[in-house]
Amino acid sequence: MPFQTETPAARRPHPPGARGVRVESATRRFGDVTAVEALSLSVAPGEVVAVVGPSGCGKSTLLELVCGLSEPDDGVVEAGPAALMPQRDLLLPWASALDNAALPLRVRGVSKADARAAAAPVFAELGLAGFEGARPSELSGGMRQRVAFLRTLLAGKPVLCLDEPFAALDALSRADMQRWLADALGREPRTVLLVTHDVEEAVVLADRVAVLSPRPGRVVAELPVPLPRPRSVTDRAFVALRERALEALGS
Amino acid sequence: MIALLVVLALLGAWQLYAELGGVDRLILPAPSEIATALVEDRGLLWNNFLVTASEVALGIGAALLLGFACAVALHFWLPLRRATYPLLIGSQAIPIVIVAPLLVVWLGFGMAPKVAIIALICFFPVAVTTLDALGRTDRDTLKLLRTLDATRWSAFRFAEAPAALPAALSGAKIAVAVAVIGAVFAEYAGSSEGLGHLILQSVPQLETARAWAAVVVLAAFAVLLFYALDVAQRRLLPWTRTEGRP
């Protein structure tokens, strides 16, 4: 399937120096298990691509390859500097929400005060004001994911790899968080590779949906989502796209 | 509260046994006699307590310092860990009863051998629990830090060290509990003062109640140290209270 060149994302402004992702027939094996095989996928700078597929189809492996956490056994993976938002929020239980969000700055050697000062405005802008001093255990699942996303954002990398960010949330907070994420990406545009098993989530958030086969994972379909934002899940065009994605997933 | 009732019940039973059981008071004094000894010999007990307490404090201090330092060094440097881990275990396998007199011969009758013996006993639980905990830091968290371009030192400072702190303090709690036993052994091996020395002296003098009083002071000191660390643990690690405890 040819890539659609004129996606809505391509017209969005993106931070300077942003780079995309190019995965060219990449294969990754773990012992006898082939997690992904001859997988090819490109993400243009500033584009949001959702990857959907059945459980265990190598989605997380794909993200690890893109983030440089592992190397492909075969093929090529080229990506701009990428930050990972893991499936578990992995917030540090001893640090406050603000300090967790500012972790990428601290790790780079920024002082505590400067890191907090830098993180605080974005923290408030993304609807977290008032929770600066709260420990992760005091936050709801949705709030924890927000903090985790903010941490990913503050890593300052042009590419964001989101690994099933809302899988652990109930349906209501998930819908809530999807709106929030769409809004956050509107404010802070990045190249995004979003892995999910939720087709609706993919169509709500992405400029393009890539459907993966069961393991070993490879891209079996790519569906552009040329719908204006914010998207309504009851919109007819939306429903039609979701059906197409589900069909591709089932085939 | 319930703990206090249990102690009182045990003391009551002991008192009854000592009074009605026909045991010679020189062999097993009643709690009331031990209490009397505690009051009457308070000056003697206090002076000897100060000696033992400073031995214990210095010994634990040295053990904590060396234990943490060793754990961090072995954590950072695998070859060192491979080379010295058996030695670390060996340090605990040495029977203190045997080494104590030898250390006294080497280091003299003063403070030094006592501190060395206590440090030797306490070093192991501190070093091993800390080393284990450092190695058990969540792997996904470390992966995440790699994507944030964390250096080895950053990963240690922001993830491994705080994650290992609760276990390290638990190791320290085990250490203080045995430190007092170590102090008494060290004093048995050769000394001129301290509560262990006092016990050793009181028994042949048939001052059994005084010996028991010294035991009470030692036990109280160990319990106090343990709870002091417990409080420190809660103060330093408030997140373990909300997550780990009911």
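The values are calculated or read from the model by the stated rules, or taken from the named source; none is laboratory data. Note that this is a predicted model, so its numbers are computed, not measured. Heads up, the Cβs are rebuilt from the backbone with ideal geometry, glycines too, and the neighbour counts pull from every protein chain shown.
One residue alone among B:Val115, B:Val105, B:Val126, B:Val99 is at pLDDT 90 or above and farther than 21 Å from B:Gln233 by Cβ, and that residue is B:Val115. Only one entry in A:Arg231, A:Arg187 is surrounded by fewer than 17 Cβ atoms within 10 Å (Cβ to Cβ) and either assigned by TED's automatic domain parsing to the domain that holds A:Phe30 or small (Gly, Ala, Ser) (or both), namely A:Arg187. The conditions of being crowded, with 18+ Cβ neighbours inside 10 Å, touching a residue at least 40 places away in the same chain (Cβ under 8 Å) and not basic (Lys, Arg) are met by B:Ala175. Only one of the numbered conditions (1) away from chain B (no Cβ under 13 Å); (2) assigned to a helix (DSSP H, G or I); (3) surrounded by fewer than 23 Cβ atoms within 10 Å (Cβ to Cβ) is not met by A:Gln145, and that is (3).
Of the strands (runs of 3 or more DSSP E) lying entirely inside the stretch A:171-228, the ones with 2 or more residues being of a type outside the set (S, T, N, Q) and over 12 Å from the mean Cα position of the chain (by Cα) are found at A:208-212, A:219-224. Screening the stretch B:183-229 for residues that are closer than 30 Å to A:Arg135 by Cβ and in contact with a helix residue (DSSP H, G or I) (Cβ under 7 Å, 6 or more places away or on another chain) and picking the one that is nearest to the other protein chains (Cβ to nearest Cβ) gives B:Leu229.
Picking from residues in the stretch A:53-94 that are at the interface with another protein chain (Cβ under 10 Å from one of its Cβ atoms) and at positive phi, the one that is surrounded by the fewest Cβ atoms within 10 Å (Cβ to Cβ) is A:Gly68. Within the stretch B:95-108, does at least one residue satisfy the condition of being of a type outside the set (A, V, I, L, M, F, W, C) and buried (at least 19 other Cβ atoms within 10 Å of the Cβ)? Within the stretch B:95-108, not a single residue is of a type outside the set (A, V, I, L, M, F, W, C) and buried (at least 19 other Cβ atoms within 10 Å of the Cβ).
One line per residue, one yes/no per condition, for (1) farther than 30 Å from A:Glu24 by Cα; (2) of a type in the set (Gly, Ala, Ser); (3) at pLDDT 90 or above:
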| site | (1), (2), (3) |
| --- | --- |
| A:Ala79 | no, yes, no |
| A:Arg88 | no, no, no |
| A:Leu92 | yes, no, yes |
| A:Asp99 | yes, no, yes |
| A:Val107 | yes, no, yes |
| A:Lys112 | yes, no, yes |
| A:Gly127 | yes, yes, no |
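Considering only residues that are small (Gly, Ala, Ser) and either buried (at least 16 other Cβ atoms within 10 Å of the Cβ) or not in a helix (DSSP H, G or I) (or both), which ones fall in the stretch B:209-228?
B:Ala209, B:Ala211, B:Ala213, B:Ala214, B:Ala222
The set of residues in the stretch B:159-208 that are part of a loop (DSSP other than H, G, I, E, B) and hydroxyl-bearing (Ser, Thr, Tyr) comprises B:Ser191, B:Ser192.
Would you check if B:Ile60 is at pLDDT below 85 and part of a helix (DSSP H, G or I)? Judged against the criteria, B:Ile60 is not a match. Residues of the stretch B:154-182 that are within 14 Å of chain A (Cβ to nearest Cβ) and of a type in the set (A, V, I, L, M, F, W, C): B:Ala155, B:Phe156, B:Phe158, B:Ala159, B:Ala161, B:Ala163, B:Ala164, B:Leu165, B:Ala167, B:Ala168, B:Leu169.
Taking (1) surrounded by fewer than 22 Cβ atoms within 10 Å (Cβ to Cβ); (2) among the small types (Gly, Ala, Ser); (3) in contact (Cβ under 8 Å) with a residue 60 or more places away in the chain; (4) within 24 Å of B:Gly194 (Cα to Cα) in turn, B:Gly59 satisfies each apart from (1). Taken together, A:Ala44, A:Ala97, A:Ala35, A:Ala50 contain a single residue that is crowded, with 19+ Cβ neighbours inside 10 Å, more than 10 Å from chain B (Cβ to nearest Cβ) and more than 25 Å from A:Val23 (Cα to Cα), which is A:Ala97.
Which of the residues spanning the stretch A:100-134 are out of contact with any helix residue (DSSP H, G or I) (no Cβ under 6 Å at 6 or more places or on another chain), within 14 Å of chain B (Cβ to nearest Cβ) and more than 19 Å from A:Lys157 (Cα to Cα)? Residues satisfying the conditions are A:Ser111, A:Lys112, A:Gly133. Annotation note: Cβ proximity below 7 Å between a residue of the stretch B:135-153 that is touching a residue at least 40 places away in the same chain (Cβ under 8 Å) and more than 7 Å from chain A (Cβ to nearest Cβ) and a residue that is part of a helix (DSSP H, G or I) and not hydroxyl-bearing (Ser, Thr, Tyr) (sequence gap 6+ or interchain) occurs for B:Gly135/B:His75.
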